[in-house]
Amino acid sequence: QVQLVESGGGLVQAGGSLRLSCVTSGRTYVMAWFRQPPGREREFVAGISLSSGATDHADSVKGRFTISRDNSKNTVYLQMTSLKSEDTAVYYCAARASTNGIYRQGTMYQYWGQGTPVTVSS
């Protein structure tokens with residue numbers, strides 16, 4: 001059974017930075033970050049293939065957020081810079097336990113973390 005534990009969320013001023021971490025246990029192929037802003041649906045943020053390092057970032061965060069991994073630590077990171085108030089959300093780590101495709105649909109991920117809240121004050 002794969003378990004995911006996120007950390008690193010918090011309160012930050014607009015223009016600031018945060019780094020989220022997701023520690024995994026068990027075999028996974030692709031990891032991703034999703035977020036759910038208040039009153040809105042969950043949305044894809046970024047994904048990474050653990051074998052190739054290939055990444056995909058949503059247009060809304062491209063150039064500001066970067067997903068990366070450290071396979072030796074079983075950890076995936078989301079470096080967030082130039083944060084905006086619209087980045088306020090609960091951020092979730094997700095994992096696929098089969099194949100290496102990076103998908104933007106949440107239904108393609110079998111495992112989820114508990115979420116970590118990020119609040120950006122303007």
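The values are calculated or read from the model by the stated rules, or taken from the named source; none is laboratory data. On a predicted model such as this, the values are computed, not experimentally measured, just so you know. Every residue, glycine as well, gets a Cβ built from its backbone with ideal geometry; the counts of neighbours run over all protein chains shown. The accessibility values were calculated without ligands, DNA or RNA, using every heavy atom of the protein model including side chains. Shrake-Rupley method; radii C 1.70, N 1.55, O 1.52, S 1.80 Å.
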Scan the range 78-100 for residues that are over 15 Å from residue 29 (Cα atoms) and either at pLDDT below 95 or not small (Gly, Ala, Ser) (or both) and jot them down. 78, 79, 80, 81, 83, 84, 86, 87, 88, 90, 91, 92
What's the number of the condition residue 61 fails, among (1) over 12 Å from the mean Cα position of the chain (by Cα); (2) in a loop (DSSP other than H, G, I, E, B)? (1)
Of the numbered conditions (1) touching a residue at least 60 places away in the same chain (Cβ under 8 Å); (2) β-branched (Val, Ile, Thr); (3) part of a loop (DSSP other than H, G, I, E, B), residue 12 fails exactly one; give the number of that condition. (3)
Of the residues in the range 15-41 that are of a type in the set (D, E, K, R) and part of a strand (DSSP E or B), the one that is nearest to the chain's Cα centre (by Cα) is 35
So residue 46, is it free of Cβ contacts under 8 Å to residues at least 60 places away in the same chain, open to solvent by less than 70 Å² (accessible area, probe 1.4 Å), touching a strand residue (DSSP E or B) at 6+ places or on another chain (Cβ under 9 Å) and of a type in the set (Gly, Ala, Ser): yes
